[in-house]
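Accompanying notes for the structure given below.
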Amino acid sequence: AWKRCLYTAGHESENWQLASAKEFQPAPRLCGCILAVYEDDLRNLIWAPPGGYHMNPDWVILHKDYKETHGQSTPYMIYLDHENAYMVLAIRGLCLGNQSDYVVCLITNWGKQHLMMGMCIMAY
C-alpha cells in the first residue's frame, strides 16, 4: 500500500469525474470538525468562523488537549455525527501537506499501531 501512495501520488484520480454537489456536501462539515479540535471548550467558542462549526457538542465522544495527552500525542477529538452517520477522528497539528509527510508516517510504521488488543490501520 505504501508503494502505491509513493508512486501513484495524485495520478490515480486524473480520470475521475467531477464530484456532484451532493457528493461534496460533507466537506464543509468535516472541515468544521477539524477546526473545532483547536477549541478548548466547544460550548464557549473562541476561534469559530461565522455560523460556528456546524456540530453538536453533545456528540463529541472524546476531546483531548496537550495537557490531557501528557505530551504523548497531539490533541485530538472523536465526534459522532448522528444526523449524517459519520464518525470523525480529528487530529490537531497533523500536517500531511507534502508527499514526504506520508512517507514519514509509513516508514516509521506510524500507520500500523497496536491498539487495545487489535490493530489500527491508518488510511489516507
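Computed from the coordinates by the stated procedures, all read-outs in this text should not be read as laboratory data. What you see is a predicted model; the values in this text were computed from it and never measured. Cβ atoms come from the backbone with ideal geometry, glycine included; neighbour counts cover every protein chain shown.
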*Integer Hz, Karplus 6.51/-1.76/1.60 couplings in order for the range 64-72, x for Gly and Pro*: 10, 9, 4, 5, 6, 8, 6, x, 8
*Net charge, Trp59 excluded, C-beta distance under 14 Å - Lys, Arg +1, Asp, Glu -1*: -1
*Could you please report the charge total around Asp41, scoring K, R as +1 and D, E as -1 over all other residues with beta-carbon less than 14 angstrom from its beta-carbon?*
-2
